[in-house]
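The values are calculated or read from the model by the stated rules, or taken from the named source; none is laboratory data. Since this is a predicted model, take the numbers as computed values, not measurements. Ideal geometry is used to build each Cβ from the backbone, glycine not excepted, and the neighbour counts take in all protein chains shown.
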Amino acid sequence: MKKLFFFLGKGGVGKTTLAGSLAVYLSKCLSKVFIASIDPAHNLFDFLGVSAKSGPIEISDNFIAEEIDVDLYVKKLLKESTQKMKKNYHYLQMINLENMFDVLKHSPGMEEYAMLCALEELIDTWKSQVDYIVIDTPPTGLMLKIFFLPKTTLLWIEKLKKFRKKILERRSQLVHIKGKQGVGEDVACCEEEDRVFKELENQEKRSKEILDIFSNPEICKKILVVNYDELSLREGIKIINELAQIDISIDLLVCNKKGITDSILSDNDVENIVDKFKSIKKVEIPFYRDYVTPRNKMIEIGKAFVKELLC
Amino acid sequence: MLKKIKESFLLFSKGFRDISIRAIEAELKELENVFALILMGALTGMPAPPSYLGIKLLPFMERELRIMICRSEALGDIFADWFDILDFG
């Protein structure tokens, strides 16, 4: 994989159109491209003009597209955990705990986790098979949470590991004084034996790997899509500021649908907001008045900003 | 006489040792209880790590969960619990 592209922005600014256009253009340039939508409200296949189907679809020899089923990843996580619990827990404990999953699957953060898992899996699957991976993302709020999740997880893991070490230290003190029966025969007393500690390390490794990909400016390119309207521009600034907190920067600003109204740039407020984007490379895509969906302009649109992205 | 003094010292020493061990045991239980509580924080309204982390660790936490449930049952009489550990009264 040479590059990974993320399209970010407010809902309705044209992320899917631009992501799809870039993918189509790159595939026409004989590069092998995989495009995925992780937006729960998909319309990638609608834009590409193919009928919806689960799993990856080969649109042409070097162009593959997929709409990711996020729920599937939540179900997968819960199924895996239930199976492990059945193996590890005593029967009676299991009966009481299994019902917890009905609550847990609706817990805050599960959707972001499922999307992050989907991202991890698709990057892992396709990185050796294609030249470019293009990701059409959900609108701002959810996507920011996905970018923040590995960092938040790492902060928690750091604290939890310290806590766990203290537990293991106390257990080993008791074993030293009273022997193994002091804590119980099957109870782990050191980091190497403790499965909780191992799982924490495993999750730490995963989070670091995905964070490394997100913050690698050579591989991972973040494209911010805005329209010339105040709300999408303000949201664009919010995205830039939020991502800066985790040292992720925007590589390209695409001002989409230029000319949708004639008077908008005379508004001082909007001009001031546009000034705040000055340090970022900018490309403008016109508003195609004659098309409801500018499907036959895909090559033109992709070509308009690919140069800025790849140079 | 000396033998009796020695025996008394040994008795005291054993008593203190037992109290120390019980304190470590109680501390361990408390740590394990809090560890489970933190991971289940989303269910109890406390600041919690991402839910999926809790779910990933859940299969290996039977002991901690059992301790957490026992501790929450005894929450009404927490002082008695600690007085017992410290051997007051």
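The residue that is farthest from residue A:142 (Cα to Cα), counting only those in segment A:1-17 that are in contact with a Gly (Cβ under 8 Å, 6 or more places away or on another chain) and crowded, with 24+ Cβ neighbours inside 10 Å, is A:15.
Scanning segment A:180-207 for residues that are buried (at least 20 other Cβ atoms within 10 Å of the Cβ) and in contact (Cβ under 8 Å) with a residue 40 or more places away in the chain yields A:200, A:203, A:207.
Scanning segment A:148-167 for residues that are in contact with a helix residue (DSSP H, G or I) (Cβ under 7 Å, 6 or more places away or on another chain) and more than 9 Å from every other protein chain (Cβ to nearest Cβ) turns up A:150, A:151, A:154, A:161. Here residue A:52 fits the description: farther than 23 Å from residue A:250 by Cβ, in contact with a strand residue (DSSP E or B) (Cβ under 7 Å, 6 or more places away or on another chain) and part of a loop (DSSP other than H, G, I, E, B).
Is it the case that residue B:21 is part of a helix (DSSP H, G or I) and within 19 Å of residue A:182 (Cα to Cα)? In short, yes. Scanning segment A:179-210 for residues that are at the interface with chain B (Cβ under 8 Å from one of its Cβ atoms), closer than 14 Å to residue A:156 by Cβ and among the charged types (D, E, K, R) yields a single hit, A:199. Number of residues in segment B:8-42 that are polar (S, T, N, Q) and either in contact with a helix residue (DSSP H, G or I) (Cβ under 8 Å, 6 or more places away or on another chain) or at the interface with chain A (Cβ under 7 Å from one of its Cβ atoms) (or both) equals 1. Summed over segment A:219-244, the residues that are at pLDDT 90 or above and assigned to a loop (DSSP other than H, G, I, E, B) give a count of 1. For segment A:103-131, filtered to residues that are in contact (Cβ under 8 Å) with a residue 24 or more places away in the chain and among the small types (Gly, Ala, Ser), the residue that is farthest from the other protein chains (Cβ to nearest Cβ) is A:128. Going by the structure shown, is residue A:222 surrounded by 14 or more Cβ atoms within 10 Å (Cβ to Cβ), more than 8 Å from chain B (Cβ to nearest Cβ) and either in contact with a strand residue (DSSP E or B) (Cβ under 8 Å, 6 or more places away or on another chain) or hydroxyl-bearing (Ser, Thr, Tyr) (or both)? Answer is yes for this residue. Within segment B:1-25, being within 10 Å of the chain's Cα centre (by Cα) and over 19 Å from residue A:165 (Cβ atoms) holds for B:22, B:23. Identify the residue in segment B:43-58 that is surrounded by fewer than 21 Cβ atoms within 10 Å (Cβ to Cβ) and either within 7 Å of chain A (Cβ to nearest Cβ) or closer than 26 Å to residue A:206 by Cα (or both) and, among all such residues, is modelled with the highest pLDDT. Only one residue tops the list, namely B:48.
In segment A:208-218, the residue that is nearest to the chain's Cα centre (by Cα) out of those that are assigned to a helix (DSSP H, G or I) and surrounded by fewer than 19 Cβ atoms within 10 Å (Cβ to Cβ) is A:213.
Report whether or not residue A:134 is surrounded by fewer than 20 Cβ atoms within 10 Å (Cβ to Cβ) and either within 11 Å of another protein chain (Cβ to nearest Cβ) or not in a helix (DSSP H, G or I) (or both). When the stated conditions are applied, residue A:134 does not pass them.
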